[in-house]
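Nothing in this text is a laboratory measurement; each read-out follows from the coordinates by a stated rule. In this text, all values refer to a predicted model and were calculated from it rather than measured experimentally. When we count neighbours, we look across all protein chains shown, and the Cβ atoms used for this are built from the backbone with ideal geometry, even at glycine.
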Amino acid sequence: MWNNLYLHIEGSDALIERFKKNARITGIIFVILGAIGIIFPTFLTMTTVLLVAYLMLFGGIVSGYMTWQTNPKDWAGWLKSLMLIFVALLMIFYPLNGAATLGMLLAVYFFVDAFAEFGLAFSQRPQTIWWLWLINGIISLGLGILFLANWPFSSLYLVGLYVGISLLFDGVALLSGVKLFDTATKHD
């Protein structure tokens with residue numbers, strides 16, 4: 001990925017340096033946020049719920065404005081806007097219910113991901129690394145089961161924990177990518 005990126009922006013040293021600087025800053029922020037989420041998963045769960053809620057609220061307001069500007073008689077556009085606003089307000093005023101909903105969505109995601117990985121693993125069985133997809137499927141299945149085992153109560157800490165882990169690894173990947181990018185550009 002990083003080598004291909006270098007090929008596309010080759011010739012602009014200023015752009016490359018700006019990319020590396022911003023990727024480092026973003027990577028550090030992600031690592032810090034991820035660590036906070038792992039240490040304080042309930043805090044990150046509530047932060048995630050409120051972020052999603054406010055994004056939905058903003059989306060509902062913008063959707064309503066666009067419906068009003070383009071076709072005020074479009075009942076489906078108004079319904080979409082009102083539903084987004086209604087669900088966002090529910091999540092803002094009842095964040096524990098929002099956490100439970102996000103937890104259930106993540107559980108469903110993990111189950112779908114597990115079955116997709118199992119299908120991919122068994123379709124690739126003659127390949128030498130087919131077992132990696134199988135392990136990934138087993139891990140996704142286990143994560144889905146963990147969510148459902150004590151749902152909705154597990155959502156309060158698991159959403160934040162999983163988001164924290166994801167942010168931490170995203171940050172590490174960004175920082176590693178910048179380091180890899182540095183070594184790739186030194187060899188060219």
Length gained if ILE138 through ILE28 is fully extended, taking 0.36 nm per residue and subtracting the Cα-Cα distance, is 36.5 nm
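Suppose the chain between PHE122 and ASP74 were pulled fully straight at 0.36 nm per residue; how much longer would it get relative to their current alpha carbon spacing?
Values: separation 48, 0.36 × 48 = 17.28 nm, distance 4.72 nm.
Taking 0.36 nm per residue and subtracting the Cα distance, the gain is 12.6 nm.
For the chain, compute the number of Lys pairs whose alpha carbons are separated by less than 22 Å, excluding pairs fewer than 8 positions apart on the same chain. Present the calculation step by step, with values, prior to reporting the outcome.
Details: LYS20/LYS179; LYS20/LYS186; LYS21/LYS179; LYS21/LYS186.
Lysine pairs satisfying the spacing and distance rule in the chain number 4.
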Out of ILE28, ILE129, ILE165, a Gaussian network model of the chain with alpha-carbon springs under 10 Å gives the largest mean-square fluctuation to ILE129
Given the convex hull of the Cα atoms of the range 23-187, what is a quarter of its surface area in nm²?
14.2 nm²
The chain: angle of helix 41-70 to the longest principal axis, Cα-based, in degrees nearest 10:
70 degrees
Once you have the alpha carbon radius of gyration of the range 104-166, what is it after dividing by 2.2 N^0.38 Å, with N set to its residue count?
1.24
Going 7 Å from the Cα of PHE153 in the Cα-to-Cβ direction, what parts of the range 80-117 have a backbone nitrogen less than 15 Å from that spot?
100
